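Just below is one structure, and these are the notes that go with it.
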Amino acid sequence: MITPALAWERFATKAKPRRTVNAAGATTWLNWTQYPDHGPDETILGALRRKRVLELGSGSGCNLAHLATLGARCTGVDIAPSREAAAEQRWGRGPELEFVTQDVVDFLQESADDFDVVISIFGATWFTDPAVLLPLVRKRLAPGGMLVFSHNDELDDGAQPDRAIRKWNFSGQQWAEMLFIAGFATASSEIIPPPKPDLPGTLLVRGTVPK
């Protein structure tokens, strides 16, 4: 039987490394959509200096490495065993940037740390039962903290629940309802249009907890 960790490891071995520079010539950047050099950047998260940021499904660490350059203290969690080594090889490791190999549900259940910002870009919020994940994220967010995540805007494709990797595709309204049930104080969403009309857009969801 293929486990989620093995399935993601197979996916990781086929993934292409991110470019060394983007179209603007930057060596680090954050991109919420599935298209390069498209969509909003990290400014939607507000000021990040000294903020504690957690990424669920951090891959090779490129998004967190950028946030670390802005003064954030970043932790990335990924289930694929090779991702931690790949991230550390490219970006290093230190008090402002660390990577963990673990299922995100296990990490959130076992961690005693609080975070100001939790992000997931086509990551674990898309591939984890929200009834399980969202209350755990809520518990680990500091007062006034926020969860921001993205995935494509196509609705649930009806994937079989016994597959090693399953997507939870919901509308912005559905995500908002689940965020409120999980104890979030606010929830909002928007669809970022694709660069070409025949491509899928990106759903960007934000939720905050009480201060």
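Among all residues of region 63-71, there is none that is touching a Pro at 6+ places or on another chain (Cβ under 8 Å) and closer than 26 Å to Thr20 by Cβ.
Among the residues of region 79-115, those that are surrounded by 21 or more Cβ atoms within 10 Å (Cβ to Cβ) and either charged (D, E, K, R) or without any contact (Cβ under 8 Å) to a residue 12 or more places away in the chain (or both) comprise Arg83, Glu84. Taking region 60-78 as the range and being within 19 Å of Phe11 (Cα to Cα) and in contact (Cβ under 8 Å) with a residue 40 or more places away in the chain as the test, the residues that pass are Ser60, Cys62, Asn63, Val77, Asp78. Confirm whether Asn31 is assigned to a loop (DSSP other than H, G, I, E, B) and open to solvent by less than 30 Å² (accessible area, probe 1.4 Å). So Asn31 passes the test. Could you grab me the full set of residues in region 1-28 that are open to solvent by 50 Å² or more (accessible area, probe 1.4 Å), touching an Asp or Glu at 6+ places or on another chain (Cβ under 8 Å) and aliphatic (A, V, I, L, M)? Answer for region 1-28, where residues must be open to solvent by 50 Å² or more (accessible area, probe 1.4 Å), touching an Asp or Glu at 6+ places or on another chain (Cβ under 8 Å) and aliphatic (A, V, I, L, M): Ala23, Ala24.
Residues in region 52-71 that are touching a helix residue (DSSP H, G or I) at 6+ places or on another chain (Cβ under 8 Å) and part of a loop (DSSP other than H, G, I, E, B) were compared, and the one that is surrounded by the fewest Cβ atoms within 10 Å (Cβ to Cβ) is Leu70. Taking region 176-207 as the range and being of a type outside the set (A, V, I, L, M, F, W, C), farther than 19 Å from Pro40 by Cα and touching a residue at least 24 places away in the same chain (Cβ under 8 Å) as the test, only Gly183 passes.
The values are calculated or read from the model by the stated rules, or taken from the named source; none is laboratory data. Note that the structure is a prediction, hence the values are computed from the model and not measured. When we count neighbours, we look across all protein chains shown, and the Cβ atoms used for this are built from the backbone with ideal geometry, even at glycine. In case anyone asks, the SASA skips ligands and DNA or RNA and just uses the protein heavy atoms, side chains included. Shrake-Rupley method; radii C 1.70, N 1.55, O 1.52, S 1.80 Å.
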